[in-house]
Each structure stands twice: as C-alpha cells, then as structure tokens.
Amino acid sequence: MIFAAGRGERMRPLTDTCPKPLLQVRGRPLIVWHILNLVRAGITEIVINHAHLGQMIEDTLGHGQQFGAQIVYSPEGTALETAGGIARARHLLGDEPFVAIAGDIYCPHFDFSKVMHVLETEDVWGHPHPADQRDLGWLYLVKNPPHHPEGDFALGSFAIANTGEPRFTFSGIGVYRPELFDGVTPGSSAKLAPILREFADQGKIGGEVFRGDWTDVGTVERLEQLNAPLHKPS
C-alpha cells in the first residue's frame, strides 16, 4: 500500500494544484519511484489511498499497466490518517503481511525484495529471519535527518522500543500484519504512530536500519534540493 491521501500543507502552493505524491523528483513523480521499485522486486499488486486531488492520481497512474503493476484505489474523501487509511483498505490488502510506504518520501534505491519474507519464520532460502514470530510490524529506520534529530524509536537486536539508544527515524516504510489494525474501525481517522508505540511497548514491533539514500520530501526547500543540478557550472 502506498499512502497518497495527505494534503501536503507544508508544500503549498505546489500542492494546491498537484497532490504531493505526484510532485516530480529528478524527472519522475515521487509515487512512480515507489511503483517502479516495487515492480522490480516482484511486488505488482498495489493499493493506493487518496483524498486531496485524488482523481489526478488515478488519471496519472491508471490501473498500473504502464508500469507492469495492478493498481487499485481506496478513495477517502477526507483523509483518514495512516492507520485509518489502512483500516479502510483492509478488504483490498488481504490476510497476509503487506508492505506500506509513505508516498512523500524519496528512496530510489530501496530494495523491496527484502520485504518479501519479513514476518515469516524463514526467508526464501530457509534461513531464519530476525523478525520474532510475535512481531505484528517490521519498521525500516534511517539515520536521523537534521530536521528530526531526536528520532522516533530506539533499536536494539532488531527490537523497536520507545525509549533507549541509539535512536533512529522511521522511514515511512514498514511491513504489517493486518491484525495490527484490529482496533481501528474502518472509516474512522487514526494515526499510525500511537499504534506502533503501543505494540512496541508489548515487544511486538521489530525493525532494522536502512542506510541508503532517503529524503522526507516534506517542504518545498527539500524538493528543490533534490532537483538541484548535481554538478553546478563553475
């Protein structure tokens, strides 16, 4: 699932006429970077939620044939926040663990093939996966960016905790079991962070650090930095 329902207030005026996931980074809409990387890893069934200017997203991406994907949409009208969006789309996501991705991050080299066997007891080669069988979620964390120096979670031995060191920032990429959202009523608004923190306290959220390129494209300035020429003329 790719989250594309946010209004993008900090990106105004750009997002007054264009949904944030369709803003272009290095010649390609943010959300298309994700779709191509998912398809490259063999993940072709994709759910996208939307609210603000959502029809533009559907008109641009269609049903995904141009990317080799099968895209279905979960329109919300009014954005339901991340957990609320998942709860509304559960009938589209099925009963197995699924990967969920923030539509407003730029992470061009994330290898989504690594998520294929997360939350299973073994990987495709029969090697044990570090995810505990009790885990309801698996988060990919990144080094704290300058705008978020305190981070979100602590990580130790693949276990996510709310307190402790070292601390990292949640990348916006996670793998979840559907039952993580049993407490969210479909159609209601609910944030993801409180749910993750609750189950982290129960020892049921695991994770690891991703050390590749990653940017939270949350401001116009960060978007401009990404699109700046790599080699400026002298």
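The values are calculated or read from the model by the stated rules, or taken from the named source; none is laboratory data. What you see is a predicted model, and the numbers here were worked out from it, not measured in a lab. Cβ coordinates were reconstructed from backbone atoms using ideal geometry, including for glycine residues, and neighbour counts include every protein chain displayed.
Only residues that are closer than 15 Å to residue 44 by Cα and not small (Gly, Ala, Ser): list them for region 68-95, please. So that I can check it myself, show each step before the final result.
Quick first cut of region 68-95, residues closer than 15 Å to residue 44 by Cα only: 68-73, 92-94.
Result: 70, 71, 72, 73, 92, 93.
Hey, could you check region 158-175 for residues that are of a type in the set (Gly, Ala, Ser), touching a residue at least 24 places away in the same chain (Cβ under 8 Å) and touching a Gly at 6+ places or on another chain (Cβ under 8 Å) and say which is surrounded by the most Cβ atoms within 10 Å (Cβ to Cβ)? Spell out how you get there, then give the answer.
Step one: filter region 158-175 for residues of a type in the set (Gly, Ala, Ser), giving 159, 161, 164, 171-172, 174.
Among the residues that remain, those that are also touching a residue at least 24 places away in the same chain (Cβ under 8 Å) are: 159, 161, 171-172, 174.
Retained after the next criterion (residues that are touching a Gly at 6+ places or on another chain (Cβ under 8 Å)): 159, 174.
On the way: 159: 18, 174: 24.
Among those residues, the one meeting the criterion is 174.
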Among the numbered criteria (1) closer than 19 Å to residue 110 by Cβ; (2) crowded, with 21+ Cβ neighbours inside 10 Å; (3) more than 15 Å from the chain's Cα centre (by Cα), which single criterion is violated by residue 41? (2)
Residue by residue through region 37-56, note down the ones that are under 22 Å from residue 173 (Cβ atoms), modelled with pLDDT under 95 and of a type in the set (A, V, I, L, M, F, W, C). 41, 43, 51
Residue check: is residue 179 in a helix (DSSP H, G or I), of a type in the set (Asp, Glu) and over 17 Å from the mean Cα position of the chain (by Cα)? yes
If the requirement is being closer than 17 Å to residue 21 by Cβ and of a type in the set (D, E, K, R), which of these qualifies: 81, 96? 81
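Among the residues of region 73-100, count how many are exposed (fewer than 13 other Cβ atoms within 10 Å of the Cβ) and in contact with a strand residue (DSSP E or B) (Cβ under 6 Å, 6 or more places away or on another chain). Give the derivation first.
Filtering region 73-100 for residues exposed (fewer than 13 other Cβ atoms within 10 Å of the Cβ) gives 77-78, 91, 94-96.
If we keep only those that are in contact with a strand residue (DSSP E or B) (Cβ under 6 Å, 6 or more places away or on another chain) too, we end up with none.
Counting residues in region 73-100 that are exposed (fewer than 13 other Cβ atoms within 10 Å of the Cβ) and in contact with a strand residue (DSSP E or B) (Cβ under 6 Å, 6 or more places away or on another chain) gives 0.
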Scanning region 182-234 residue by residue, those out of contact with any Gly (no Cβ under 9 Å at 6 or more places or on another chain), in a helix (DSSP H, G or I) and more than 23 Å from residue 6 (Cβ to Cβ) turn out to be 201
Every pair of residues 6+ apart whose Cβ atoms lie under 7 Å, when the first sits in region 108-119 and is assigned to a helix (DSSP H, G or I) while the second is hydrophobic (A, V, I, L, M, F, W, C) and at pLDDT below 90: none
Within region 176-205, track down each residue that is under 21 Å from residue 144 (Cβ atoms) and either exposed (fewer than 12 other Cβ atoms within 10 Å of the Cβ) or modelled with pLDDT under 90 (or both). 194
